[in-house]
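The next block holds one structure in the form of structure tokens; read it before the comments.
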Amino acid sequence: MTKEHTSSGRSREGVTQVNKKIVTQFYQEFYVNQDLEAAAKYVSEDLRQHRPNLADGQKAMIKDYADYLKEHKNHKEEIRRVIADGDLVALHVAALDEPATTAVVDIFRVQNGKIVEHWDVCQTVPEKSANNNTMF
């Protein structure tokens, strides 16, 4: 069995691990630690945004989160899972706001060491569930 390699000569697994580290570090610094300056290090200035209520670009991402934090002073985020394949990295996150918790899946595409594309899906965790499983 041969290892799959990218055009840069790195194995696909190697690229996956590098991208997983980039996105995880970004998320930890930017969203969990709320260090908005971290975006400059990890996010392309011309980020392609797929959230319909948010404009493209690194600056729009920073402004959106800064505005959110002003409204939600006790906001916290916890990374629960990281899934990566090549240039795509997905994080399963608990976004904690009193009294609600939101289950979030953020998906990022990485190119040349920077996050260049972002999608997300968010769902409020209900008080009661039809089953005994958690959303995390």
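The values are calculated or read from the model by the stated rules, or taken from the named source; none is laboratory data. Please read these numbers as outputs of a predicted model, since none were measured by experiment. Heads up, the Cβs are rebuilt from the backbone with ideal geometry, glycines too, and the neighbour counts pull from every protein chain shown.
Taken over region 55-71, the criterion of being outside any helix (DSSP H, G or I) and among the small types (Gly, Ala, Ser) is satisfied by Ala55, Gly57. Within the option set Val89, Val23, Val104, Val121, being part of a strand (DSSP E or B), touching a residue at least 40 places away in the same chain (Cβ under 8 Å) and among the β-branched types (Val, Ile, Thr) holds for one residue only, Val89. For region 5-52, what are the residues that are farther than 20 Å from Leu91 by Cα, out of contact with any helix residue (DSSP H, G or I) (no Cβ under 8 Å at 6 or more places or on another chain) and modelled with pLDDT of 95 or more? Answer for region 5-52, where residues must be farther than 20 Å from Leu91 by Cα, out of contact with any helix residue (DSSP H, G or I) (no Cβ under 8 Å at 6 or more places or on another chain) and modelled with pLDDT of 95 or more: just Glu37.
Please determine whether any residue of region 83-102 is exposed (fewer than 14 other Cβ atoms within 10 Å of the Cβ), among the polar types (S, T, N, Q), at pLDDT 95 or above and in contact with a strand residue (DSSP E or B) (Cβ under 8 Å, 6 or more places away or on another chain). Looking through region 83-102, none of the residues is exposed (fewer than 14 other Cβ atoms within 10 Å of the Cβ), among the polar types (S, T, N, Q), at pLDDT 95 or above and in contact with a strand residue (DSSP E or B) (Cβ under 8 Å, 6 or more places away or on another chain).
Consider Asp35 carefully, then state whether it is more than 13 Å from the chain's Cα centre (by Cα), loosely packed, with under 15 Cβ neighbours inside 10 Å and part of a loop (DSSP other than H, G, I, E, B). Spelling it out, Asp35 is indeed more than 13 Å from the chain's Cα centre (by Cα), loosely packed, with under 15 Cβ neighbours inside 10 Å and part of a loop (DSSP other than H, G, I, E, B).
Listed residues Glu77, Glu127; which is assigned to a strand (DSSP E or B), more than 26 Å from Ser11 (Cα to Cα) and not hydroxyl-bearing (Ser, Thr, Tyr)?
Glu77
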